[in-house]
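The values are calculated or read from the model by the stated rules, or taken from the named source; none is laboratory data. Since the model is a prediction, treat every value here as computed from it, not as a measurement. Because the Cβ atoms are built from the backbone with ideal geometry, glycine has one as well, and the counts that use them run over all protein chains shown. Each accessible area value is taken on the protein alone, full model and side chains, heavy atoms only, with ligands, DNA and RNA left out. Shrake-Rupley method; radii C 1.70, N 1.55, O 1.52, S 1.80 Å.
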Amino acid sequence: MKQKWKSSLFLLMAVIMLLSACSSGGNNDTSGESKDEKIKLVVWIWDAAKMGLDANMEAFKAENPNIEIEYQLMSQTDLYQKYLIAANTGDKIPDIIAVESSNLAQMVNIDSLYDLTDKVAPYKDKIVPFKWEDATKDGKVYAMPWDSGPVVMYYRKDIFESAGLPSDPEAVADRIKTFEDYKEVGNIIKKKTGNFMFQDSKTRSNNRFFETMMWQRGLWYFDKEGNVSLDDPKVIETAEFYASMVKDGIVNDAEGFSESWLNAFADGKVATIVGAAWYDGLLENMIDPDSAGKWGVVQMPKWSVDDQYASANDGGSNLTINANSKHPEQAWKFIEFMLGKEESQLTMLKDAGSLPSLMTTYEDAVFSEPVEYFGGQPVRKIYTQALEQIAPQSYTVDFPVANQLMKNAFAEVFLNNSSVADTLKKTADELRSRTSRK
């Protein structure tokens, strides 16, 4: 009887072990697919970001023949709003989501993304530190940082020359040290050539220029304690200066990436872009492809030459996994191939102008190479130098609502000729009521 009981126990344990092996697919892949099974990953992404991944797709397919990638393209705004709905309904599609850093914290906050804490652990000290802040909640990490957005100033050398201004990068950097210098040069260009210094919409601004000015000063919609700071005297001062440039007529009234905005660049009517390093690839491939050799790059203007920080961050991207995806292990395999490999990141830099957040790439010779589109100027070193001089802060979970309220505030200022100070004080109170912040 005793021997029979032992035999039964042995048989039961063997069955349990067999069932366990079957349920795990015989490997560490928790998604349940066998090694040879072909699976499809759906990726939600926008055009410019897809351009970077495309540069590595051939290499990824060669290494992962059983993983098919289906891209579903949409604008950043549509992607963000559509995913909030998908997350709320528990949809298993998409598997992978490209997320702008400006929207990341809110997407992390709704607990809809796959926990990547253990998977990103080998990269925590290799990625630009501030990129992790919006990806993290309660000590858990839910996104893998992709590119960074250190802000520089792109300028049209021919327009500067037509206005009797210097066009050599060193001379331009010396001429435009502060935003006051920037405004002065804008007025010279407007008077002598009729061209604009930059473009932004009075009523549909994305606020990137204003936010860049704030970030460079170490200011934001919220202070270090998380309180609303739109009515801080320094923020109001910054907004008043921005408004003065619009009222001077040096800003072309066009919504970012609209047809009129693109046409103004194509027609050579805009002298500068104060924007992130990701404009590198966009200028060459989409915004102004016919102007190779006419653009130069210098560090962005500062509020004051004595400021602690010389640059700002604008956006940047990340890749995340839907917590409801059926294929999280394969999704991570794709993300790690694209963002964890130095070779992949450097390919995206060269082919799509996507500046890596992976700092171990920065010593590569490609960062010192001349870039043909910029007339042979080695612009990538300028990007990494800017990256080292950014005030350390994050977008925060309430950024989307703050950004929208600021858009409304500037529309009120320009349409109704309202006081900037009064409008920002009113907007600050509304932001407090909408976010429960002090």
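Structure notes:
- DSSP bridge pairs, the chain: antiparallel proportion in percent, nearest 5: 60 percent
- Nitroxide proxy distance, nm - points 7 Å out along Cα→Cβ at residue 240 and residue 430: 2.1 nm
- Sequence-distant residues sharing a close amide H with residue 302 (under 5 Å, placed H): 178, 179
- For the chain, with all protein chains in place and a probe radius of 1.4 Å, 48% of the accessible heavy-atom surface sits on carbon or sulfur.
- Two-site label geometry, residue 73 and residue 262: point separation in nm, points 7 Å out along Cα→Cβ: 1.0 nm
- Between 0 and 90 degrees, the angle of helix 233-247 with respect to the longest Cα principal axis of the chain falls at about 60 degrees.
- Between residue 136 and residue 388, the FRET efficiency from the beta-carbon distance, with R0 = 25 Å, is close to 0.70.
- Rounded if a/c under 1.5, otherwise prolate or oblate - the range 140-218, Cα gyration tensor axes: prolate
- Degrees, to the nearest 10: 2-23 long Cα axis against longest axis of the chain: 30 degrees
- Rounded to the nearest 20, the size of the Cβ-charge dipole of the chain about its Cα centre is 1140 debye, with Lys and Arg at +1 and Asp and Glu at -1.
- Selected from 248, 158, 95 as most flexible by GNM, with the chain as the system and alpha-carbon contacts under 10 Å: 248
- Averaged over its residues, the chain has an accessible area of 45 Å² per residue, based on protein heavy atoms and a 1.4 Å probe.
- Across the chain, the mean sequence separation of Cα contacts (distance under 8 Å, 6 or more residues apart), normalised by length, yields a relative contact order of 25 percent.
- Answer label, with percent of Cα pairs over 30 Å apart calculated from the coordinates and candidates [x] 42; [y] 48; [z] 64: [y]
- Difference of contour (0.36 nm per residue) and Cα-Cα distance, residue 366 to residue 191: 59.0 nm
- A straight line joining the Cα centroids of the range 220-238 and the range 97-114 runs 24 Å.
- Highest GNM mean-square fluctuation among 110, 273, 176, for the chain modelled with Cα contacts below 10 Å: 110.
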